[in-house]
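Notes to accompany the following structure.
The values are calculated or read from the model by the stated rules, or taken from the named source; none is laboratory data. No experiment lies behind these values; they were computed from the predicted model shown. With ideal geometry, Cβ positions are generated from the backbone for all residues, glycine too; neighbour counts draw on all protein chains shown.
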Amino acid sequence: MARENASDALIRDYVLEMRESKCRPGENAWSAVLSLAQDVSEALPYANRVFDGDFYDHAVHTLTFRVGERHYAVRPRELCIAPVENRADAENAARDIVARLNVVWKDRDLIEPRFEGKTKPDLIALYRNLPRTNCGRCGRPSCMAFAAALREGKARIHECAPLDGPDFAEPMAKLVALLPDE
């Protein structure tokens, strides 16, 4: 069991368990699951604001977000971290995110909570505004795969070379409207 020092910390005790990724079995891909001794539900709207959560459901107290290449899922008494390379990497990642969440909790009076999650643009609407040539110049096998990457924030509009042409000014404007963070 890992312990945090501050007695007023939100997360003071947790148990770390390593799990093989179900998405890529046999590839030595791991995730870390922290079983939390404390319920962190009250902190989730603040963490949603600070970490710009990818998904938040206030009713079931679930938040997902990314920091760099790592993905995090937080539930009332559980925190999942992926990917991690090994136990030492998992322990470092756990200490880091627990410290960050404890700072969010400590500073909650200065943070406006966000009770709603992000809404992702419609995949088909994105796809309809792409050239649909499946040229692969974006590095993806199809325009649908590129649309999915756009939706998840793993691609940028400018990666689609055909969109730079004059024939695609209107679809480009629609894509920019669908993806306001672009």
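Some points to look at:
- From the options A94, A47, A59, residue that is among the aliphatic types (A, V, I, L, M) and more than 15 Å from L10 (Cβ to Cβ): A59
- Of all residues in the stretch 134-177, exactly one satisfies the criterion of being touching a helix residue (DSSP H, G or I) at 6+ places or on another chain (Cβ under 7 Å) and of a type in the set (F, W, Y), namely F168.
- Taking the criterion of being surrounded by fewer than 17 Cβ atoms within 10 Å (Cβ to Cβ), within 24 Å of the chain's Cα centre (by Cα) and more than 25 Å from D52 (Cβ to Cβ), the residues of the stretch 140-168 that qualify are P141, S142, M144.
- Within the stretch 40-55, the set of residues being over 20 Å from E91 (Cα atoms) and modelled with pLDDT of 90 or more comprises S41, E42, A43, L44, P45, Y46, A47, N48, R49, V50, F51.
- Per the listing A6, A93, A88, A2, the residue uniquely of a type outside the set (F, W, Y), closer than 24 Å to K106 by Cβ and modelled with pLDDT of 90 or more is A93.
- Subset of the stretch 159-182 [modelled with pLDDT of 90 or more and under 24 Å from G68 (Cβ atoms)]: E159
- Of everything in the stretch 100-124 that is surrounded by fewer than 14 Cβ atoms within 10 Å (Cβ to Cβ) and among the aliphatic types (A, V, I, L, M), the residue that is farthest from the chain's Cα centre (by Cα) is L110.
- The stretch 20-34 residues that are at pLDDT below 75, paired with ones that are buried (at least 16 other Cβ atoms within 10 Å of the Cβ) and in a strand (DSSP E or B) (beta carbon under 8 Å, 6 or more apart): S21/W30; S21/S31; S21/A82; S21/P83
- When residues of the stretch 172-181 are limited to those that are surrounded by fewer than 16 Cβ atoms within 10 Å (Cβ to Cβ) and more than 22 Å from the chain's Cα centre (by Cα), the one farthest from P121 (Cα to Cα): A173
- Candidates A32, A82, A94, filtered to the one that is assigned to a helix (DSSP H, G or I) and surrounded by 13 or more Cβ atoms within 10 Å (Cβ to Cβ): A94
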